[in-house]
Every structure is written in structure tokens, then in C-alpha cells.
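> Dumping the structure here so I can ask a few things about it.
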Amino acid sequence: IKELETFYDTWQENNNVIDKWFSTQAIYTNPKKSILTIRRLAEHHAFSPRNPNRFRSLIGSFASGNLCGFHSPEGDGYNIVTEWLMKLDEINPQTAAQVCTVFDNWKIFDKKRQEKIKKTLGRLLSMNDVSRNTFEIVTKILKE
């Protein structure tokens, strides 16, 4: 990890490069270590859910690019993405709704994963103040 720290120190002033730094780790981390990596990176001082590009580079990249980690049989990938979507929906409902689309292919998976994804989407719909954006996207995903 020393190399990652050195890379960060060198490029920390370039937001585009740091977005790639987050996304590369989110995508290429061993699926068995991916949840811990996402949690660690989400605590990094350069990560902020208020920055849509940074959110997509970490959470969105994990969900769309680390398929084995995101679709782990235990459902941990679904849970961490959902936790972040619930937080983001209050701050930036447009980006939250956009990232929700990572679940739109849920019907291609085995029954266990389908049930976990439906439960996850239900959590999003049952939020007290779910945004109209997220509500519309999640409802559409479940109907398809």
C-alpha cells in the first residue's frame, strides 16, 4: 500500500487523477477484500459524498466494476452500496438515483442474489424522506 500512498501524495492536487486513484482501487481490489477496501477509502480525507465525481469513482466504480465483490453471495456489496446511497440521497438525489442503476440487471442473477437485491431496493424505497429521483429509478428497476 506504500505505493498507493506515494502515488496519492504525488497527485493529490489533481482531482481527476485522484478520482481514478479511488476507482482503480474500488475495481481492482480482490473481491474478498473489497468491502474492507471500500470502507477504508470512504474514510480517506479526500473522499466526500458531497463530491459527485468522487462518490461515483468509489461507490459507483465498485458496484459497476468489481462485479465479484459487489455481487458477493453474502450480499455485503449490496449492503455497503445501499448504505452509501441512503446517505447520498439526502445530499444529492440525482447522483444517488444514477448510481441506483447498478441494480437494474438484477433479474439475470440467481434467486438468492435476486432476493438480496430486492431487499436492498426495498430499503431504499422505505427511507423516510426518499427523494423523488431515487424513488422513480428504484420503482422502475423493480417493475422491469
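The values are calculated or read from the model by the stated rules, or taken from the named source; none is laboratory data. This is a predicted model, so every value here is computed, not measured. Neighbour counts are summed over all protein chains in view; Cβ atoms, including those assigned to glycine, are modelled from backbone coordinates with ideal geometry. For accessibility, only protein heavy atoms count, side chains too; no ligands or nucleic acids. Shrake-Rupley method; radii C 1.70, N 1.55, O 1.52, S 1.80 Å.
> How large is the helix-only mean residue ellipticity at 222 nm for the chain, computed as the sum of -39500 (n - 2.57) over DSSP H runs with n ≥ 4, divided by its residue count, in deg cm²/dmol to the nearest 500?
-19500 deg cm²/dmol
> Mind jotting down the distance between the C-alpha centroids of the stretch 72-92 and the stretch 114-144, whole Å?
The two parts, judged by their Cα centres, are 12 Å apart.
> Sticking with this one: Taking a virtual spin label 7 Å from the Cα of Leu142 along the C-beta vector, which residues in the stretch 106-129 bring their backbone nitrogen under 19 Å of it?
106-109, 111-129
> Hey, another quick one. Just to be sure I follow the rule: in the chain, considering lysines 8 or more places apart or on different chains, how many pairs have Cα atoms under 18 Å apart?
Here the count comes out as 16.
> Based on the mean of other beta carbon atoms within 10 Å per residue, what is the order of 126-136, 60-70, most packed first?
Packing proxy ranking, top to bottom: 60-70, 126-136.
> Which residues in the stretch 35-69 place their backbone N less than 11 Å from a point set 7 Å from the Cα of Asn105 along the Cα-to-Cβ direction?
So the set is 64-68.
> For volume of the Cα convex hull per residue in Å³, pick the label among (i) 97; (ii) 137; (iii) 113 that corresponds to the value derived from the coordinates.
The value computed from this structure is option (i).
> Ignoring ligands, DNA and RNA, what percent of the accessible area of the stretch 2-144 is carbon or sulfur (1.4 Å)?
51 percent
> Which of Leu88, Ala46, Asn30 sits farthest toward the positive end of the charge dipole of the chain, with +1 on the Cβ of Lys and Arg and -1 on the Cβ of Asp and Glu?
Result: Asn30, furthest along the dipole toward the positive end.
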